[in-house]
Amino acid sequence: EGKTFGEIKVYEITDANLWAHIFSGTFQVQPHQRVRLDLVGEYGLLNFPRHSDSSFFDRRVKAEVRLAHTSWLIHRLGWAYQFREYDTRGARDSAGDRLAGLVREDQRHTLLYEWQMRFPKTSVRIGVEGYRNFSNDQLEEFYDWDDLRLRGSLTRAFGTKWAGVLAASQEWKHYQKRSVPTINVAERDILSTLAGSVLY
């Protein structure tokens, strides 16, 4: 959004503006011809100029091992940890009152395993991923849940310029504390996804 003065357009900062600065690095080790270890570190600063309580620092570390079991079968096992610290937003108790001296912090642990098969013109991936969220904001129980996701994809090359991709996933989300009011049981969500595309 902006205003035009002659041929110069001056942009204005609105509520939707976001400045993102992300620094990342990867260290790879290959102790064996068929084994590779990736260590990834990432530091991010996401700043909302008009809403400082939404700005946060984001830190991530990830370790991943790839094992080429055969020339066509590859295993991938990984773990990741994410720590998000808000700039000015404070943590709250269950009544919504701010906890003195505590800024809000969100954490996530992730485990994943993937099985990939490669053929001359076809690639198949089957994976499972699970993660758990933690937040010191007791009022926002939305951020405390366990998640399990199964996913698979099929990629097929048609000639030298065309390829097709078919992907499907099933996700189960179990909230640790949030309950459904009418039946007073823990809330659980299920999400099924099916997608396809053609690439040229």
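Return the only residue of VAL40, VAL61, VAL29 being open to solvent by less than 80 Å² (accessible area, probe 1.4 Å), over 23 Å from ASP106 (Cα atoms) and either in contact (Cβ under 8 Å) with a residue 24 or more places away in the chain or hydrophobic (A, V, I, L, M, F, W, C) (or both).
VAL29
Listed residues GLU129, GLU187, GLU105; which is of a type outside the set (A, V, I, L, M), at pLDDT 95 or above and in a strand (DSSP E or B)?
The unique qualifying residue is GLU129.
Out of the residues in the stretch 158-182 that are open to solvent by 50 Å² or more (accessible area, probe 1.4 Å) and in contact with a helix residue (DSSP H, G or I) (Cβ under 8 Å, 6 or more places away or on another chain), state the one that is modelled with the lowest pLDDT.
Across the stretch 158-182, the extreme among qualifying residues is ARG178.
Going by the structure shown, is GLY78 free of Cβ contacts under 8 Å to residues at least 24 places away in the same chain, open to solvent by less than 70 Å² (accessible area, probe 1.4 Å) and not polar (S, T, N, Q)?
Criteria not met by GLY78.
So is SER123 surrounded by 14 or more Cβ atoms within 10 Å (Cβ to Cβ), at pLDDT 95 or above and hydroxyl-bearing (Ser, Thr, Tyr) or not?
Against the criterion (surrounded by 14 or more Cβ atoms within 10 Å (Cβ to Cβ), at pLDDT 95 or above and hydroxyl-bearing (Ser, Thr, Tyr)), SER123 qualifies.
Among the residues that make up the stretch 117-125, is at least one of them part of a loop (DSSP other than H, G, I, E, B), among the hydrophobic types (A, V, I, L, M, F, W, C) and out of contact with any strand residue (DSSP E or B) (no Cβ under 9 Å at 6 or more places or on another chain)?
yes
The values are calculated or read from the model by the stated rules, or taken from the named source; none is laboratory data. Everything numeric in this text was worked out from a predicted model, so none of it was measured. Methodologically, a virtual Cβ is constructed for each residue, glycine included, from the backbone with ideal geometry; neighbour enumeration extends over all protein chains shown. The accessibility values were calculated without ligands, DNA or RNA, using every heavy atom of the protein model including side chains. Shrake-Rupley method; radii C 1.70, N 1.55, O 1.52, S 1.80 Å.
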